[in-house]
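The values are calculated or read from the model by the stated rules, or taken from the named source; none is laboratory data. Computed from a predicted structure; not experimentally measured. Don't worry about glycine lacking a Cβ; one is built from the backbone with ideal geometry, like all the others, and counts go over all protein chains shown.
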Amino acid sequence: MTLRFTRFTLALLISQLGFTITAKATCQPQAINRYDFPVQRLDEALQDLSHRSGCPIHVTPEALKDRQAATLHGRYHAFTALRRLLRHNPELKAEIVKDGFLVRDVQHKT
């Protein structure tokens, strides 16, 4: 028996389990990059950060709901930049994981 997934099936599965914002470059969390992000939706800011830093950001669905990211201007390590984007959302916590970063809502009970 062969499993075949359509894009819709994969999107549905990802939406139920959470998702990962992936980047094409290699994650270099110690590299310092320049960031100039305006106030924007959190999902957009995390995607921009992932692409700029090359680090995947794993996000639980409840962490993105109706949230805005803080502005970010300056030169930072990727994890510092992530924490600064989350600074107006104290219920969200960022962690370093094996292949990038994890953002989760610590108030959400699973």
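Among the residues of the stretch 34-75, those that are out of contact with any Leu (no Cβ under 9 Å at 6 or more places or on another chain) and assigned to a strand (DSSP E or B) comprise Arg34, Gln40, His73, Gly74, Arg75.
Under the condition of being farther than 18 Å from Gln40 by Cα and in contact (Cβ under 8 Å) with a residue 24 or more places away in the chain, the residues counted in the stretch 86-110 number 9. Taking the conditions exactly as written (touching a Ser or Thr at 6+ places or on another chain (Cβ under 7 Å) and modelled with pLDDT of 95 or more), does Phe79 satisfy them or not? Here the answer is no, as Phe79 does not meet what is asked. Of all the criteria given as (1) within 11 Å of the chain's Cα centre (by Cα); (2) buried (at least 20 other Cβ atoms within 10 Å of the Cβ), the one not satisfied by Leu72 is (1). Contact map, the stretch 57-78: first residue at negative phi and among the polar types (S, T, N, Q), second residue buried (at least 19 other Cβ atoms within 10 Å of the Cβ) and not in a strand (DSSP E or B), Cβ cut-off under 8 Å, separation 6 or more or different chains; pairs are Gln68/Leu42.
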